[in-house]
1. Here are the criteria: (1) of a type in the set (D, E, K, R); (2) under 25 Å from residue 223 (Cβ atoms); (3) assigned to a loop (DSSP other than H, G, I, E, B). Tell me which single one residue 193 does not satisfy.
2. With surrounded by 14 or more Cβ atoms within 10 Å (Cβ to Cβ) and in contact with a His (Cβ under 9 Å, 6 or more places away or on another chain) as the only criterion, which of 83, 110, 101, 75 stands out?
3. I'm checking my understanding of the structure. Among residues of the stretch 18-73 that are within 27 Å of residue 100 (Cα to Cα) and among the acidic types (Asp, Glu), which one is modelled with the highest pLDDT?
4. Among the residues of the stretch 147-154, is there at least one that is within 18 Å of the chain's Cα centre (by Cα) and either at pLDDT below 95 or not charged (D, E, K, R) (or both)?
5. Could you figure out which of (1) at pLDDT 95 or above; (2) closer than 15 Å to residue 196 by Cα isn't true of residue 111?
6. What residue, among those in the stretch 203-222 that are under 18 Å from the mean Cα position of the chain (by Cα) and of a type outside the set (D, E, K, R), is surrounded by the most Cβ atoms within 10 Å (Cβ to Cβ)?
7. Out of the residues in the stretch 171-202 that are surrounded by 13 or more Cβ atoms within 10 Å (Cβ to Cβ) and over 28 Å from residue 50 (Cβ atoms), state the one that is modelled with the lowest pLDDT.
8. Within the stretch 223-273, can you find the residues that are buried (at least 22 other Cβ atoms within 10 Å of the Cβ), at pLDDT below 95 and of a type in the set (Phe, Trp, Tyr)?
Amino acid sequence: MDFKTGKIIAAALILSVLHTGALRAGENPVYLVHPYTSLEAAVDTDTAALRRDWYGEYLQYEIYWGLINVGSAYIWIDKIVTIDGRPAYHIISGAKSAAFIRNFYSVSDINESWMDVETLYSRGYYKKIQEGGYFFNEWVIFDNEAKTFRGEKMNKKRNTGPVEGTLEGPVSDVLSALYLVRTMEMKPDTPVEIAVNTKRNWRMNIKFRKREKESTAYGKFKCVMIEPQLGDDGLFVAKKGKKMLAWITDDELRLPLILKAEIFIGSVTAKLVKREIRP
């Protein structure tokens, strides 16, 4: 990752709430709205394919640059909605800088994903990135049957434009890819490949590195260390020439316990500090 405080937060974990303002004083912020944002919880939680350990799961992280706490982040499946007659998880990921950093470089990002409950493919995503004077906002909907996607993007000047293209097949976005990884049994010498789209189609290759014990404030666990290979901006993705490592608990939950990303100087690490189920 480039050495920017904002990228420190986004790289280590999630891409992810609130806002900082590249706007003039007194100007009301303007953001895009995803067509799925208004969808209310509308699915019976007895749905056969539903992952009981995911529904309502809230994961909280502290983010460090060396020994310095530079921010916090969370991932939360807050509800299940219905899209085209199919149930989908609504995943929210947020990240913000620590108070002392906000004094000179405020970071507050949000990402959302709608992931099919049965197939775990993405139905669409939303991102709003505000880091210092940088701003970017976009939403995308995937039509996996038609193999197309469409959406809208907005830049710092609040200029908007369409987003559209074709898909090679069903895809993940960078947030839903994390949950797909959690269903996989990683094995030595057996790399995993995930089809991802972030307005372009690419492959996320994930390599098994080793098994070892790791601990955070949440606890000590046997983990599988994996290395996601190059891709695009976002969660679980390393920049060219830099390394991204993740420690996933080697148990039924397969929690993302630690995420570590190399940056221009040193590395940043996101550590799980709390897991709870929110009704």
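1. Condition (3) is where residue 193 drops out.
2. 110
3. Applying the first criterion (within 27 Å of residue 100 (Cα to Cα)) to the stretch 18-73 yields 18-31, 58-73.
If we keep only those that are among the acidic types (Asp, Glu) as well, we get 27, 62.
Numbers: 27: 45, 62: 97.
Here the residue is 62.
4. Checking the stretch 147-154: not a single residue is within 18 Å of the chain's Cα centre (by Cα) and either at pLDDT below 95 or not charged (D, E, K, R) (or both).
5. If we test residue 111 against (1) at pLDDT 95 or above; (2) closer than 15 Å to residue 196 by Cα, just (2) comes out false.
6. Residue satisfying both the conditions and the ranking: 204.
7. Going residue by residue through the stretch 171-202, those that are surrounded by 13 or more Cβ atoms within 10 Å (Cβ to Cβ) are 171-182, 184, 186, 191-192, 194-199, 201-202.
After this cut, where a residue has to be over 28 Å from residue 50 (Cβ atoms) as well, the list is 191, 199, 201-202.
Working: 191: 85, 199: 94, 201: 95, 202: 92.
Going through the qualifying residues, I end up with 191.
8. Across the stretch 223-273, the qualifying residue is only 236.
The values are calculated or read from the model by the stated rules, or taken from the named source; none is laboratory data. Computed from a predicted model, the values in this text were never measured in an experiment. Cβ sites come from the backbone with ideal geometry, for glycine too, and all protein chains shown count toward neighbours.
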